[in-house]
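Structure record follows, encoded as structure tokens.
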Amino acid sequence: MMHTRLFYGTIQPGKVDEAWQVLNEFAHKVRQQKGCLLTQVLQSGNEIVGITSWETAADLATYADGEVARELFRRITPLFMGMPTARSYEVKVNLWEPAATKQS
């Protein structure tokens, strides 16, 4: 079963550019991890949602407990208002169109 991890946070005023540098860098690092199928970063105002999908629960756990995730939290937390939140879910339904994977 595929698993998805959601990462939530709110960027501090005046820290948007710096936060986006970190988020863009880590989106690419996370995508290179074993089993990572999808990496997206969404923004609405100062709110950020990161979405990653993984082939297996073990792949997700290896990432979540690993150095890349720890380094992301170390670098992004000072730019956010409070601690970011991350939660993991088992994917029960996965419907998509090929156009959903096009880069913007």
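Roughly how tilted is helix 16-31, in degrees to the nearest 10 and between 0 and 90, from the longest Cα axis of the chain?
Long axis of 16-31 versus the principal axis of the chain: about 20 degrees.
Write down Rg/Rh for the range 46-104, rounded to two decimals, with Rg from the C-alpha atoms and Rh from the Kirkwood relation over Cα pairs.
Here the Rg-to-Rh quotient is 1.01.
For the chain, the longest stretch holding no trypsin sites (Lys or Arg not before Pro) located in a DSSP loop with at most 16 other Cβ atoms within 10 Å is which?
Longest run free of exposed loop sites: 35-91.
Tell me the Kirkwood hydrodynamic radius of the chain in angstroms, computed as one over the mean inverse distance between distinct C-alpha pairs. Each step should come with its number before you reach the end.
Working: mean 1/r = 0.0705 Å⁻¹.
One decimal place: 14.2 Å for the Kirkwood radius.
For the range 14-65, report the translational diffusion coefficient in µm²/s to the nearest whole number, using Stokes-Einstein at 20 °C, 1.002 mPa s, and a Kirkwood Rh over Cα pairs.
182 µm²/s
Quick check: the angle from helix 67-76's long axis to the longest principal axis of the chain, C-alpha only, nearest 10 degrees?
30 degrees
Bear in mind that the values in this text are calculations on the coordinates, not laboratory data. These numbers were taken from a predicted model, which means no experiment stands behind them. Heads up, the Cβs are rebuilt from the backbone with ideal geometry, glycines too, and the neighbour counts pull from every protein chain shown.
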